[in-house]
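The values are calculated or read from the model by the stated rules, or taken from the named source; none is laboratory data. Remember, predicted model here, so these are calculated numbers, not experimental data. Positions of Cβ are backbone-derived with ideal geometry, glycine not excepted, and every protein chain shown enters the neighbour counts.
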């Protein structure tokens, strides 16, 4: 691999990178065996773990390195490493250790890989999370009526199309209209599955770098961000992109803190505004997370507002309700509903969930909302 300006072994953040890959390997062993195997190997290899240091600090997550490698593999499906990818070669299992092949692959494509790491952002746009939002939206519709959805960190905006997908909650029921996208979520507890899609009168996305799914190259990056072990996710991503190109999506370029107030006001003119975030706030700094919450507090001084988030409560400890206990699973994800009503912010932990919405443990019926007065204006 080509020499870098600074020896990665001397970088103070290299140890942190290795720990992240080791943690990733443990958390994903059951659901993503290829990435778990590669992550374990990267955790023991300074040079491979050091590749992540080419990314901006807030983007230094194992999934970014894997997405960049996957992008290069998809461009060259005849390469040696591609044979390990179930989405390209189902059932194949070469005899060589995957991490050794990865090491050669990264060395041969060092320049391209460094450029991708420095410029790309993880934009999974995992539509499985809409199964989580439908439950929260059902609660809100019963409370306030039709909703206007603002999705922050929207990527390509596919999570704005929740009312165009079908859902099966097992057990719990289903929302079925004959969509080409059908999402299944295993459940514990008693999730309040709505009889039909909650009414969403307007849907707007906000992203610093929106993805245009009408552009094949941009759509290919979304595909690269999907984990290769989970072939069904590729199939439903393709179906969701077809729906998006058919019905259209409104995603605006902007900043989560600087531009959210204008979109909340625009949505509020159509119906009750509900903001969503899903595994996006872990890619900003703690200061930016606090500023985001403060901006929503400010918006709620002039009108009622709701926010539903599915975020990692360990990384995003600054968020209201993030301290609720995770019931189990791989990556910890908390589904939390934050309501601003009558000058108070109320927080309710609805469920512990899988990061991609594959399962949830509903706790909303017993957790109860936690009320707090709105803080004073920020000066």
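For the condition touching a strand residue (DSSP E or B) at 6+ places or on another chain (Cβ under 6 Å) and crowded, with 22+ Cβ neighbours inside 10 Å, residue 355 qualifies. Against the numbered list (1) free of Cβ contacts under 8 Å to residues at least 24 places away in the same chain; (2) within 30 Å of residue 230 (Cα to Cα); (3) in a helix (DSSP H, G or I), residue 243 comes up short only at (1).
When 48, 88 are checked against the criterion of being surrounded by 17 or more Cβ atoms within 10 Å (Cβ to Cβ), touching a residue at least 24 places away in the same chain (Cβ under 8 Å) and assigned to a helix (DSSP H, G or I), a single residue qualifies: 48. Is it true that some residue in segment 26-41 is at pLDDT 95 or above and more than 23 Å from the chain's Cα centre (by Cα)? Within segment 26-41, one or more residues are at pLDDT 95 or above and more than 23 Å from the chain's Cα centre (by Cα). Yes or no: segment 219-229 includes at least one residue that is more than 24 Å from residue 179 (Cβ to Cβ) and touching a strand residue (DSSP E or B) at 6+ places or on another chain (Cβ under 7 Å). Scanning segment 219-229, I find no residue that is more than 24 Å from residue 179 (Cβ to Cβ) and touching a strand residue (DSSP E or B) at 6+ places or on another chain (Cβ under 7 Å), so the answer is no. In the set (1) surrounded by fewer than 17 Cβ atoms within 10 Å (Cβ to Cβ); (2) under 15 Å from residue 12 (Cα atoms), the condition left unmet by residue 29 is number (2). For segment 235-249, state whether one or more residues are at pLDDT below 95, closer than 21 Å to residue 359 by Cβ and surrounded by fewer than 18 Cβ atoms within 10 Å (Cβ to Cβ). Yes, the conditions are met somewhere in segment 235-249. Inside segment 303-315, residues that are surrounded by fewer than 20 Cβ atoms within 10 Å (Cβ to Cβ) and in contact with a strand residue (DSSP E or B) (Cβ under 8 Å, 6 or more places away or on another chain) make up a count of 3. Is it the case that some residue within segment 56-69 is farther than 26 Å from residue 281 by Cβ and assigned to a helix (DSSP H, G or I)? No - not one qualifying residue is present in segment 56-69.
Would it be correct to say that residue 22 is surrounded by fewer than 20 Cβ atoms within 10 Å (Cβ to Cβ), farther than 22 Å from residue 93 by Cβ and at pLDDT 95 or above? Yes; evaluated as a whole, the condition is true for this residue.
When residue 203 is tested against (1) more than 16 Å from residue 310 (Cβ to Cβ); (2) assigned to a loop (DSSP other than H, G, I, E, B); (3) over 16 Å from the mean Cα position of the chain (by Cα), just one condition goes unmet, and that condition is (2). For segment 99-118, a tally of residues being over 14 Å from residue 49 (Cα atoms) and crowded, with 18+ Cβ neighbours inside 10 Å returns 4.
Residues in segment 265-292 that are buried (at least 16 other Cβ atoms within 10 Å of the Cβ), touching a helix residue (DSSP H, G or I) at 6+ places or on another chain (Cβ under 8 Å) and farther than 24 Å from residue 317 by Cα: 272, 273.
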